[in-house]
Amino acid sequence: MPESPPEEEPALHVEGLDVTYGRSLSALRSVSLTVPHGGVVALLGANGAGKSTLLRAVSGTLRLHRGTVTAGRIRYGDTALDGQDPVAAVRAGVVQVPEGRRVFAGLTVDENLRSGGLGLGRRSPALIRESRDRVFALFPRLAERTGQAAGLLSGGEQQMLAIGRALMAAPRLLLLDEPSLGLAPLMVNRIAEVVREINAQGTAVLLVEQNAGMALALARYAYVLEVGEVRLSGPADELARTDAVRRLYLGEAEDGRGAA
Ligand SMILES: Nc1ncnc2c1ncn2[C@@H]1O[C@H](COP(=O)(O)OP(=O)(O)OP(=O)(O)O)[C@@H](O)[C@H]1O
Ligand SMILES: [Mg+2]
């Protein structure tokens, strides 16, 4: 990879990353990946491929899962993110929405949103209001339910709240872990629109999805992980045309000759 000059527009660079869990379980091997400033990049792969592990390594949450980066580097612009904690990542502008739409079920929608800006130090009330306005413009349904317990929201609404909470930290790079999982088709479409809108507002997105059709339609570039290694990468539209991706991830039969 060529040396790049110091960046004014920060991009995420993961280089040669190895991650293990516990003493020996190798989850990622020599993984390299780039998310350009303002871009949308898709990360595809089967269950257990290491997608969430990669996001955790970037967001500094790996240690909470007993994982360790044993080799490689993670940089966001000029900030080294490897070995950092989640607060450092959030301060650098990198925020993860974990898989499984984890919201604080017993807290209200409003309280959940407010928890999203924590750890950033003192922020002006005006800035917090601005973030909230952005979330409510994106998710009007949340605006109608600010006082409701998050646990009573529908699955789709909880996913919106989880994304909204991440947006409260005003990320420049959003890490989304399977936002469409388990949602009805209409809600999947809504999530896709939301990713587009968030990106149009200038936030880069690293999108982990098992819904490869949706992810490849949204992303400009994509990576396919297979048991901890990058197996394929390239422009999303090109990857969508390759036999391997069509067969394994888009559920199509090989060369139209019927299902294998
Ligand atoms: N906390 C953990 N402790 C030990 N092993 C783990 C832990 N989390 C994940 N692993 C293992 O690391 C590998 C990668 O898991 P990871 O969760 O990153 O995959 P994934 O691609 O996100 O899968 P899924 O699509 O099912 O979410 C798997 O073999 C998994 O069993
Ligand atoms: Mg996962």
> Can you tell me how many residues in the range 135-189 are on the phi < 0 side of the Ramachandran plot, charged (D, E, K, R) and touching a strand residue (DSSP E or B) at 6+ places or on another chain (Cβ under 6 Å)?
Replying inline: 1
> Among Ser180, Ser124, Ser131, which is the only one that is surrounded by fewer than 18 Cβ atoms within 10 Å (Cβ to Cβ) and among the polar types (S, T, N, Q)?
Replying inline: Ser124
> Restricted to the range 32-70, and to residues that are among the aliphatic types (A, V, I, L, M) and under 21 Å from Glu9 (Cα atoms), which residue is farthest from ligand 1 (Cβ to nearest atom)?
Replying inline: Val40
> Filter the range 136-159 for residues that are aliphatic (A, V, I, L, M) and closer than 17 Å to Arg102 by Cα; which is surrounded by the fewest Cβ atoms within 10 Å (Cβ to Cβ)?
Replying inline: Leu152
> Out of curiosity, is Leu64 farther than 27 Å from Ser180 by Cα and surrounded by fewer than 17 Cβ atoms within 10 Å (Cβ to Cβ)?
Replying inline: no
> Pairs under 9 Å by beta carbon, first residue basic (Lys, Arg) in the range 88-113, partner within 16 Å of ligand 1 (Cβ to nearest atom) and assigned to a loop (DSSP other than H, G, I, E, B), six or more apart or different chains?
Replying inline: Arg101/Pro179; Arg101/Leu181; Arg101/Gly182
>> Give all pairs with beta carbons closer than 8 Å in which a residue from the range 231-244 that is touching a residue at least 60 places away in the same chain (Cβ under 8 Å) meets a residue that is basic (Lys, Arg); count only pairs at least 6 apart in sequence or on separate chains.
In response: Ala236/Arg220
>> For the structure I just gave you, tell me whether Arg123 is more than 22 Å from Pro185 (Cα to Cα) and within 21 Å of the chain's Cα centre (by Cα).
In response: no
>> Kindly evaluate Arg66 against the criterion of being at positive phi and of a type outside the set (Ser, Thr, Tyr).
In response: yes
>> If I filter the range 177-191 down to residues being in contact with a helix residue (DSSP H, G or I) (Cβ under 6 Å, 6 or more places away or on another chain) and under 18 Å from Leu54 (Cα atoms), which single residue comes out as nearest to ligand 1 (Cβ to nearest atom)?
In response: Asp177
>> Is it the case, given these coordinates, that Arg29 is charged (D, E, K, R), within 29 Å of Gly182 (Cβ to Cβ), within 13 Å of ligand 1 (Cβ to nearest atom) and more than 18 Å from the chain's Cα centre (by Cα)?
In response: no
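A short reminder: the numbers here are calculations on the coordinates, not readings from a lab. These numbers come from a predicted model, not from an experiment. Cβ coordinates were reconstructed from backbone atoms using ideal geometry, including for glycine residues, and neighbour counts include every protein chain displayed.
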